[in-house]
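Accompanying notes for the structure given below.
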Amino acid sequence: MRNKNHPPKATFESVWATLQETAQLMKENERERKEYEQRRKEEFAENERRRKEAEQRRKEELAENEQRRKEEFAENEQRRKEEFAENEQRRKEADERSEKEWEKLWNSMKAMQKEVGGIGNSNGKIAESYFVNSFEKSMQFAGQKYDAIEQSRKKMIKNLNLRGEYDLLLYNCTSVVIIEIKYSAEKKHVGWLLKGASVFKQLFPQYANFELYLGLAALHFEENTESEAIDHGIAVIKQVGDNMVINDEHLKVF
């Protein structure tokens, strides 16, 4: 009778079967290891492919953005050069006026001042002629030198309901000056000037990054008009004797 407490005696057949089973398990484990390794390599390759594609897209987007930036800069620079050249041409044409013509105009203007008594359209022309010619001679405002001057500029953008009319404009490479010219300035003219300044950069977007200054020029100022302009940071420009005098002590950038 076999003792139940002892395992059965190993035979050649049982040992051989165990060895075969072990070998089969080892083969199965090796197959699974190779499959896992293959999947890992494929996943790595796929991730690397996606990374390279993303990197390529990023480089293409950067190159495209840089190209657009260069094109926009070139366009803006070309427009600026053309506008500067145009303004420079206008300035040169204005400088070609002879001193003799200026003296005749100045003498005529002083005679008209005495005759018309400070009212009517003639007075406006007197003031405009005086200040335009004075700025053409000096080409300076608030300590800055200006390259170009433009008179009576108007612009309207109908679909935006924007309209602007400017008596005198001074330009250089960094700033623009808007000057309202009146024979007799009133407080309402300060409001007109501020309104025109509020839409100037929308009407002329090429000057969006320029500093904007304002000046109110007149041969006579009604009561409290000068203080009203100064309180808003607007230069007060007037005639003192034969000279044009600019009070820009409280001038601000708009």
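Structure notes:
- With the largest listed first and rounded to whole Å, the semi-axes of the equivalent ellipsoid of the chain from the Cα gyration tensor are 91, 21, 13.
- Rounded to 5, percent antiparallel among DSSP beta bridges of the chain: 60
- In sequence order, calculated HN-Hα J values of the range 205-219 (Karplus, 6.51, -1.76, 1.60; Hz; x Gly/Pro): x, 5, 9, 4, 9, 7, 6, 10, 10, 10, x, 10, 10, 7, 7
- Principal axes of the range 13-96: Cα extent on each, largest first, Å: 123, 8, 5
- Contact order normalised by residue count of the range 131-247, Cα under 8 Å, 6+ apart, percent: 22
- From least to most packed, judged by other beta carbons within 10 angstrom and beginning with the fewest, 108, 175 follow the order 108, 175.
- For 240, 245, 199, the sequence from fewest to most other C-beta atoms within 10 Å is 240, 245, 199.
- The amide H of residue 175, built 1.01 Å from its N in the peptide plane, has 211 as neighbours under 5 Å, considering only residues 5 or more places off or on other chains.
- Mean sequence separation of contacting Cα pairs (under 8 Å, at least six apart), scaled by the length of the range 154-202, corresponds to a relative contact order of 29 percent.
- For the chain, relative contact order (Cα pairs under 8 Å, six or more residues apart, normalised by length) works out to 12 percent.
- Interchain or long-range residues, amide H under 5 Å from residue 221's placed H: 185
- Per DSSP, loop GluC sites (Glu not before Pro) in the range 137-231 with at most 15 further Cβ within 10 Å: 222, 223
- Here, the range 131-247 has an Rg and a Dmax of 13.9, 46 Å when only alpha carbons are counted.
- Sequence-ordered 3J(HN,Hα) estimates for the range 130-138 from the Karplus curve with 6.51, -1.76 and 1.60 and θ = phi - 60° stand at 4, 6, 4, 5, 5, 6, 4, 6, 8 Hz, glycine and proline given as x.
- Most mobile listed residue (182, 137, 104) in the chain, GNM with C-alpha springs under 10 Å: 104
Read the figures in this text as sums done on the coordinates, not as results from a lab. Since we're looking at a predicted model, the values are computed, not measured. All Cβ positions, glycine included, derive from the backbone under ideal geometry; neighbour counts span all protein chains shown.
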